[in-house]
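The next block holds one structure in the form of structure tokens; read it before the comments.
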Amino acid sequence: MFMRFLALIPEKTSVPCMRFRHVFMGVSAFLVVASAVLYVTVGLNLGIDFRGGIMIELRTPAPADLGQMRGVIGGLGLGEASLQLFGDDREVLIHLQQQEGDESVQQHAVEQVKEALAKVVPGKIDYRRTEFVGPKVSAELFRSGIYAVLFALGSILVYVAFRFEWQYGVSGVIALLHDVVATVGLFALTQMEFNLTIVAALLTVAGYSINDTVVVFDRVRENLRKYKSMPMSELIDLSVNETFARTVITSLTTLLSVLAIAFFGGEVIRGFAIAMIFGIVIGTYSSIFVASSLVLYFPVRRARESEDERIEARGRA
């Protein structure tokens, strides 16, 4: 069935990307603005990696009564506490705010929670994981995550500008920023936990997206040498359509792997998988419709390509 679906994607397409570039740019602008507004107004549901505190993952013998568990933990005087199901109705994730004091104080808070839950939950509770992250560590991790994303985007800008021209580098990085901001907006909208795993997903999405973009840019450069008098918009359309099938099929095959992780990888890695799924979709869209359209706003000089051809001709001679 999948092979039949792939057969529906012809090797040669004629998608008029540049004709509707203003529509695509408008959609992308809306996504970026909406994501920024969601980030400012709603914010991200930061995980323990970034906000600090105590995280306890447990499994109850029977379906968990979150209301009852929340009541007994709230009565301990440990400050803000949040409980949520983590997978099925017997797996619970508990977040407690950072307690004032050293690690022994944090451990004492965990023991209080265990004692309180033992009184209201029948049977033996299986405590899967307990983590402590201090405020200084969480702040440092948050800064490091931001620096990692910025460094990755800067490195990609330098590489693409060096490999092609600065116009391609700027266009590619703007498209990557579009992908990253839209993915962050998804997490602000859904309030899924945003942690270091999601930062890793963002970096992976950036690398995957620029790979598709470089393929399109490389074809644009080849066609600039081949069709010296063709209008730039038509040339970009031709380049995009020549690489369209390759880009879509590559994205679909990668998407199948990530979907398997999302459905069978468990809750711990599900956020990563969701970020990857959305990132692959939005990255493929931006490589085809956004990055290529941006090149029109940073016109590439054809004279440089002619000079390259003269150099190659001398080398052959």
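The values are calculated or read from the model by the stated rules, or taken from the named source; none is laboratory data. Only a predicted model underlies this, so the values are computations on that prediction, with no experimental measurement involved. In this analysis, Cβ positions are derived from the backbone assuming ideal geometry, glycine residues included, and neighbour counts consider all displayed protein chains.
In the range 85-104 there is no residue that is in a helix (DSSP H, G or I) and within 28 Å of Arg270 (Cβ to Cβ). Here Phe132, Phe142 are screened, and the one residue that is in a helix (DSSP H, G or I) and modelled with pLDDT under 80 is Phe142.
Here Val33, Val42, Val37, Val72 are screened, and the one residue that is touching a residue at least 40 places away in the same chain (Cβ under 8 Å), closer than 27 Å to Thr183 by Cβ, out of contact with any His (no Cβ under 7 Å at 6 or more places or on another chain) and β-branched (Val, Ile, Thr) is Val42.
Quick check on Val181: is it buried (at least 17 other Cβ atoms within 10 Å of the Cβ), within 16 Å of Ile277 (Cα to Cα) and in contact (Cβ under 8 Å) with a residue 60 or more places away in the chain? Yes, satisfied.
Inside the range 192-205, can you point out the residues that are in contact (Cβ under 8 Å) with a residue 60 or more places away in the chain and assigned to a helix (DSSP H, G or I)?
Answer for the range 192-205, where residues must be in contact (Cβ under 8 Å) with a residue 60 or more places away in the chain and assigned to a helix (DSSP H, G or I): Leu196, Thr197, Ile198, Ala200, Ala201, Leu202, Thr204, Val205.
Residues in the range 219-230 that are touching a residue at least 24 places away in the same chain (Cβ under 8 Å) and either among the polar types (S, T, N, Q) or out of contact with any Ser or Thr (no Cβ under 7 Å at 6 or more places or on another chain) (or both): Arg221, Leu224, Arg225, Lys228. Would you mention how many residues in the range 249-284 are touching a residue at least 24 places away in the same chain (Cβ under 8 Å), in a helix (DSSP H, G or I) and not hydrophobic (A, V, I, L, M, F, W, C)? Number of matching residues: 8.
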